[in-house]
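The values are calculated or read from the model by the stated rules, or taken from the named source; none is laboratory data. Quantities reported herein were computed from a predicted structural model and do not represent experimental measurements. Glycine also receives a Cβ, built like all others from the backbone with ideal geometry; neighbour counts cover every protein chain displayed. Note: areas computed on protein heavy atoms with side chains; ligands, DNA, RNA excluded. Shrake-Rupley method; radii C 1.70, N 1.55, O 1.52, S 1.80 Å.
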Amino acid sequence: EQLRAEMDATATRSSFEVYPVEPKAPVFEAMESLAETAVKRQVKFQPTLPALVSLVFAAPNKLSSVIASLFKLLIEDAVENTQITIHMEERDHWLTYTFKNTGFGIPNERLQQYLFDSEVEVSESFDNIRHAISSIEVWQGTLTAESQVGQGLSFFLRLRSFI
């Protein structure tokens with residue numbers, strides 16, 4: 001019944017794909033796909049994930065690439081010999097991933113333009129995140145971000161839990 005409602009809501013989108021998926025595996029897949037890049041930049045992943053979490057609505061193969069696009073930008077911005085922290089919190093039928101680095105950062109206003117203003121030209125990394133946002137919207141989730149110059153970037157990916 002839930003999937004039927006999802007299909008009706010997104011029938012106009014040709015790339016429809018939403019299923020209940022396990023939310024921790026895509027994090028580890030994304031970390032593995034960028035392990036070599038992280039080592040070159042001398043950045044480590046520091047996941048702090050709960051033992052049990054509910055399934056979330058997403059595309060099974062796409063969620064890993066969405067998270068990898070966030071990790072790639074966090075690695076590019078990170079200061080050497082620092083960590084990218086990864087947390088998950090489940091509350092009120094939503095699962096929120098929090099990804100943070102200790103990095104150079106950019107002005108927050110500019111970050112918001114790079115992510116959400118299609119008229120602003122951006123690098124490939126930001127363009128990948130813009131495409132990821134389209135997928136997240138199909139899943140009825142949200143992506144928010146913050147940046148502080150000299151402190152780094154933070155991403156908050158919020159997905160609906162499957163009950």
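Which label marks the calculated value of volume of the Cα convex hull per residue in Å³, given the options (1) 112; (2) 155; (3) 127?
Structure-derived value, by its label: (1).
What does the charge count around Ile86 come to, taking other residues whose C-beta lies under 15 Å from its C-beta (Lys +1, Arg +1, Asp -1, Glu -1)?
+1
Using a 1.4 Å probe on the protein heavy atoms, what percent of the accessible area of the chain belongs to carbon and sulfur?
49 percent
In the range 15-50, which residues have a backbone nitrogen under 13 Å from the label point lying 7 Å from Glu80's Cα in the Cα-to-Cβ direction?
39-43
Keeping all protein chains in the complex and leaving out DNA, RNA and ligands, what accessible area do you get for Ser118 with a 1.4 Å probe, in Å² to the nearest 10?
For Ser118, the solvent-accessible surface is approximately 100 Å².
Residue farthest toward the positive end of the dipole of the chain, with Cβ of Lys/Arg at +1 and Asp/Glu at -1: which of Gly141, Ser123, Pro60?
Farthest along the dipole direction, towards plus: Pro60.
With a 1.4 Å probe and all protein chains in place, put Ile163, Ile136 in order of accessible area, largest first.
Descending order: Ile163, Ile136.
Please sort through the DSSP H helices of the chain and keep those with an alpha-carbon extent of at least 20 Å along the long axis and a Kyte-Doolittle average not below 0.5.
Passing helices, by number: 60-77.
Only four residue types carry charge here, +1 at the Cβ of Lys and Arg and -1 at the Cβ of Asp and Glu. Report the dipole size of the chain about the Cα centre in Debye, rounded to the nearest 20.
Here the chain has a charge dipole of around 320 debye.
Output the relative contact order of the chain, whole-number percent, from Cα pairs under 8 angstrom with separation of 6+ residues.
It rounds to 25 percent for the chain.
In Å², what does the accessible area per residue of the range 10-140 work out to with a 1.4 Å probe?
In whole numbers, the range 10-140 has 54 Å² accessible per residue.
Keeping all protein chains in the complex and leaving out DNA, RNA and ligands, what accessible area do you get for Val149 with a 1.4 Å probe, in Å² to the nearest 10?
100 Å²
To the nearest 0.05, what FRET efficiency results for His131 and Thr48 with a Förster distance of 25 Å applied to their C-beta separation?
0.35
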